[in-house]
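Here's the structure, in structure tokens; my notes come after.
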Amino acid sequence: MSLMISTVAIKKTASELGADLCGIASVDRFQEAPKGFHPTDVLPACKSVIILASRFLKSTLDGKSTVPYTTVRDELKTKMNRMAVKLSEYLEEHKMTAIPMNSTGPDEWDAESGKFRGIISLKHAAVLAGLGKMGKNTLLVNEQFGNMIWLSGVFVGENLEADPIAPYEGCIKNCTLCLDSCPVKALDGISINQPLCRNYAFGEHNGGEWRIKCYICRKVCPNCTGIRK
Ligand code: B12
């Protein structure tokens, strides 16, 4: 089946759909993915993974209430899912097999590690698609937008030209601000204690409805809104 469109055309379409960033990883880069959470566990014929990102409104970090932050998160969740579906439709119109990678839940329960996992880890896939590097807060840090981005993606059954891995580091050398600032000490610099974070950072507040209540690990990062030169 001939390749109908170029990666330039794919990225142009992603940008027209509202993506601030679009990167491509070839499936052979995912050999370290946990068992059962590899792109071919989602799409057996997967050859490439496209990762999409949208900026997350920085001003939310200046809010005293976390409700505006939660509102932006909810909006981006929908926007990034819709974008992944629309790009999949575009690729299918060009004779490619393409299915969306959701931006948030539903998650799977991985009994082996005792963790909730996305069907793939978007931030790890984003590193493999050249969109940034992982911070000690376990968030993807992008040169332009820092960790203030929301991700989704598309699994593609065709070999697409992969992007180079980002040449920069996500963290400032010897910085441990996120680890030190986490109110529940959920971070160890490599992974996160999910129940500690989930129970503290999400839920009702003073009898008010569910919202995101904590994002300190995001906010204290010196590279929160872009990598400082
Ligand atoms: C489950 C989940 C959570 C859980 C657990 C978070 C976690 N770190 O695992 C909880 C509820 C705690 C959570 C909290 C938050 N989350 Co969250 N979360 C997810 C979700 C749905 C799945 C993440 C996942 O699979 N984790 C399991 C894996 C990664 O955990 P692990 O055991 O640490 O993995 C180790 C190994 O197994 C290995 N590994 C695992 N997978 C892979 C894959 C490959 C290829 C390789 C090489 C290695 C590897 O590396 C790790 C270290 O050794 C993703 C969406 C998605 N599908 O990716 C959003 C996501 C990670 N969350 C996001 C965000 C923004 C948050 C919050 C800031 C929300 C808030 N409070 O405002 C906090 C931040 C907490 C933090 N510092 O991580 C964003 C991150 C964006 C970014 N800049 O990176 C995502 C990508 C959502 C999105 N669509 O943008 N989240």
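The values are calculated or read from the model by the stated rules, or taken from the named source; none is laboratory data. What you see is a predicted model; the values in this text were computed from it and never measured. Glycine also receives a Cβ, built like all others from the backbone with ideal geometry; neighbour counts cover every protein chain displayed. Calculation scope for accessible area: heavy atoms of the full protein, side chains included, ligands and nucleic acids excluded. Shrake-Rupley method; radii C 1.70, N 1.55, O 1.52, S 1.80 Å.
Pulled fully out, how much extra length does the chain show between residue 179 and residue 81, if you take 0.36 nm times their separation in residues and subtract their Cα-Cα distance?
Additional length available on full extension: 32.2 nm.
How large is the accessible surface of residue 202 in square angstrom, using a 1.4 angstrom probe and rounding to the nearest 10?
Rounded to the nearest 10, that gives 70 Å².
Post the alpha-carbon centroid distance, the range 35-70 to the range 175-229, in whole angstrom.
16 Å
If you average 1/r over every pair of different alpha-carbon atoms in the range 1-55 and take one over that average, what Kirkwood value in Å do you get?
Hydrodynamic radius (Kirkwood, Cα only) of the range 1-55 equals 12.7 Å.
Counting Lys and Arg as +1 and Asp and Glu as -1, each charge on the Cβ, what is the dipole of the chain about the Cα centre in debye, to the nearest 20?
In debye, rounded to 20, the chain gives about 760.
With a bin width of 5 angstrom, please list the P(r) values of the range 177-219 as percents of all Cα-Cα pairs, from the 0 bin to the one holding the largest distance.
Histogram of Cα-Cα distances, whole percents per bin: 6, 23, 31, 21, 11, 6, 2.
I'd like the FRET efficiency for residue 196 and residue 94, computed as 1/(1 + (r/R0)^6) with the beta carbon distance as r and R0 of 35 Å, rounded to 0.05.
0.20
For the range 137-229, calculate the relative contact order in percent as a whole number, restricting contacts to Cα pairs under 8 Å that are 6 or more residues apart.
Over the range 137-229, the number comes to 43 percent.
Under a point-charge model restricted to the Cβ atoms of Lys and Arg (+1) and Asp and Glu (-1), what is the dipole moment magnitude of the range 94-197 relative to its Cα centre, in debye to the nearest 20?
200 debye
Quick one: compute the contact order of the range 177-219, relative version, from alpha carbon pairs under 8 angstrom and 6+ residues apart, as a percent.
35 percent
Would you calculate the volume per residue, in Å³, of the smallest convex hull containing every Cα atom of the chain?
Taking the convex hull of the Cα positions in the chain, it is 125 Å³ per residue.
Can you tell which of 152, 59, 191 shows the greatest fluctuation in a Gaussian network model of the chain with Cα springs below 10 Å?
59
Expressed in whole Å with the largest first, what are the equivalent ellipsoid semi-axes of the range 130-175 derived from the C-alpha gyration tensor as the square root of 5 times each eigenvalue?
Over the Cα atoms of the range 130-175, the semi-axes work out to 24, 13, 8 Å.
Take the Cα gyration tensor of the range 1-116, multiply each eigenvalue by 5, square-root it, and list the three semi-axes largest first, rounded to whole angstrom.
27, 22, 11
Order 168, 200, most accessible first, counting only protein heavy atoms with a 1.4 angstrom probe.
Ranked from most to least accessible, the order is 200, 168.
What percentages, rounded to whole numbers, describe P(r) for the range 114-213 computed over all alpha carbon pairs with 5 Å bin width beginning at zero?
The calculated distribution, bin by bin, is 2, 10, 17, 20, 20, 14, 8, 5, 2, 1, 0.
Taking C-beta distances below 4.7 angstrom as the pairing criterion, name the unpartnered cysteines of the chain, in sequence order.
Those would be 22, 46, 171, 175, 182, 197, 214, since no other cysteine Cβ in the chain comes under 4.7 Å of theirs.
Using a 1.4 angstrom probe on the protein heavy atoms only, could you order 198, 55 from most to least accessible area?
Ranked list, largest accessible area first: 55, 198.
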